[in-house]
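J.: My structure is below; once you've seen it, I'll send some questions.
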Amino acid sequence: MAVATTALTGLRADFPVLERRVNGKPLVYLDSAATSQKPTAVIEAMSDFYRHSNANVHRGVYALGREATEQFEGARERVAAFAGWEAATTIFTRNATEALNLVAYAWGRQNVGAGDEILITEMEHHSNIVPWQLLCQERGARLRYLPVSDEGTLSLDELDAVLAEGRVKLVSVVHVSNVLGTINPVAEIVARARAAGAVTVVDGSQAVPQLPFDVSDVGADFYAWTGHKALGPTGIGVLHGRRELLESMPPFLAGGDMISRVDFESSTWNELPWKFEAGTSAIAEGVGLGAAVDYLNEAGMEAIRAHERELTAYALERLPEIPGMHIFGPLDPGRRGGVVSFALEGIHPHDIAEICDREAVCVRAGHHCAQPLMRRLGIAATARASFQLYNTRADVDRLVDALHDARSVFGL
Ligand SMILES: Cc1ncc(COP(=O)(O)O)c(C=O)c1O
């Protein structure tokens, strides 16, 4: 069977890199959680921009400059609409990491003080841990972690218990875990945190490319994601923020484009979203991200979710055929995204990834930038396969074959 969901049949051909052969074998790319492949539409949108419309934005009084600005700001409008948010409070950053740092610096330094608490979870990516660690160290605040159960889920009762102590100023939580695949009930978490008076941040880096979602439904004050995991280019991320908060916050980075007026002693700030976009923007990358969300819209986020859910279910069915297999995270495909982390008894995850590579199967091995979670799970690393709309059941079969090979290489 070529593809899991007929609605997406044929889209694989839109991704030129997937035509490559490695070690004489057709490439199987199972590392989209690290970065997704890019469709021709995105590659061409960026190339067309440089060939025909390149100029700096927001300044040129000439036609080319106006055209570049229209393309860049048009992309922002489509990206915002894709997320169910308004363009003026949709800020382009370099990536999700920068979006989270923006909140930690600009909101955090103004609002967090000694004795306050920031609550995150044990399943966060380093990008949603370290900015809060720095903030807490600087302001004398306390960083707390909501525990992860053995099944890889969070407990809302435990959330309520921490919130009830009354010291939590901000809650930041990942929407879909890049290790466990867990889909967290973010709307519920946000509602409870808000009722307790906390500001809320959601890291949607893994959710945006695979779930139908709407930032307004999630209800968070800030929602961060990253373009390169959502079929877009590297170098561009997104922060959707609540207007009142963005307006009251000081700038994050300072320089050109983010000012209204600069005097010798002081300056005033540009309107949203440019107040938070210092310096020349990643213009072609913005245009590329616009093309990526057009592509995702056309494929249909419902169809993408159905496809990834079916592939994940298939992987969860086939992987346990391999002796010594241990899978992390919830086993119900309805509760997880298209990310499957696993360990094989007797073989280090790096050896798994290396042997898979001989078979042209790309999987990730390591701590996946989630070292506290690895500690919680009592391991140093996992292997991880992750899916996108271009993957097929045949890709999962190739992975399973490669894992059998790995066992024989190790004499198991
Ligand atoms: C859950 C999660 N958050 C944040 C990030 C950081 O994304 P970026 O490196 O694009 O900033 C990643 C990337 O792996 C991720 O998986």
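All of the numbers you see were taken from the coordinates with simple rules; none came from a lab. Values in this document were obtained by computation on a predicted structure and should not be read as measured data. Positions of Cβ are generated from backbone atoms using ideal geometry, with glycine treated the same way; all protein chains shown enter the neighbour counts.
J.: Can you find, among Ser36, Ala63, Ser53, the residue farthest towards the positive end of the dipole of region 16-67? Put +1 on the C-beta of Lys and Arg, -1 on that of Asp and Glu.
T.: Ser36
J.: Could you tell me what percent of the DSSP beta bridges with both partners in the chain are antiparallel, to the nearest 5? Mind showing how you got there, number by number?
T.: Working: 28 of 47 bridges.
Of all bridge pairs located within the chain, approximately 60 percent are antiparallel.
J.: To the nearest 500 deg cm²/dmol, what mean residue ellipticity at 222 nm is calculated for the chain from DSSP H runs of n ≥ 4 alone, each contributing -39,500 (n - 2.57), summed and divided by the residues?
T.: Working: 14 runs with 149 residues, N = 412.
The per-residue figure over the chain is -11000 deg cm²/dmol.
J.: Given charges of +1 on the Cβ of Lys and Arg and -1 on the Cβ of Asp and Glu, with all other atoms neutral, how large is the dipole of region 138-193 about its Cα centre, in debye to the nearest 20?
T.: Values: 6 positive and 8 negative charges, 81 e Å.
Rounded to the nearest 20 debye, it is 380 debye.
J.: Please compute P(r) over all alpha-carbon pairs of region 154-208, binned at 5 Å starting from zero, and give each bin as a whole-number percent.
T.: 5, 21, 31, 22, 13, 8, 1
J.: Once you have a ≥ b ≥ c as the square roots of the Cα gyration tensor eigenvalues for region 255-386, tell me rounded if a/c is under 1.5, and otherwise prolate or oblate according to whether a/b is larger than b/c.
T.: It comes out prolate by the Cα gyration axes.
J.: Rounded, prolate or oblate for the chain? Axes are the square roots of the Cα gyration tensor eigenvalues, ordered a ≥ b ≥ c, and the cut-off for rounded is a/c under 1.5.
T.: Values: a/c = 2.10, a/b = 1.25, b/c = 1.68.
Here the chain falls in the oblate category.
J.: By DSSP, what percent of the beta bridges with both residues in region 155-264 are antiparallel, rounded to the nearest 5? Please report the intermediate quantities before stating the final value.
T.: On the way: 6 of 14 bridges.
Antiparallel: roughly 45 percent of the beta bridges in region 155-264.
J.: Here is a further query. In the Gaussian network model of the chain, springs joining C-alpha atoms below 10 Å, which of Asp263, Asp357, Asp401 carries the largest mean-square fluctuation?
T.: Highest fluctuation among the options: Asp263.
J.: Show which lysines lie in cross-link reach of Lys275 when reach means a straight Cα distance below 27 angstrom and same-chain residues fewer than eight apart are skipped.
T.: The qualifying lysines are Lys169, Lys229.
J.: For region 266-284 and region 170-223, what is the separation of their C-alpha centers, rounded to whole Å?
T.: Value for the Cα centre distance between the two parts: 26 Å.
J.: In addition: Going by the alpha-carbon gyration tensor, a ≥ b ≥ c the square roots of its eigenvalues, is region 180-245 rounded (a/c under 1.5) or, if a/c is not under 1.5, prolate (a/b greater than b/c) versus oblate?
T.: On the way: a/c = 2.55, a/b = 1.51, b/c = 1.68.
Oblate, since a/c reaches 1.5 and b/c is not below a/b.
J.: Between region 1-71 and region 301-325, what is the separation of their alpha carbon centroids in Å?
T.: Between the Cα centres of region 1-71 and region 301-325 lies a distance of 26 Å.
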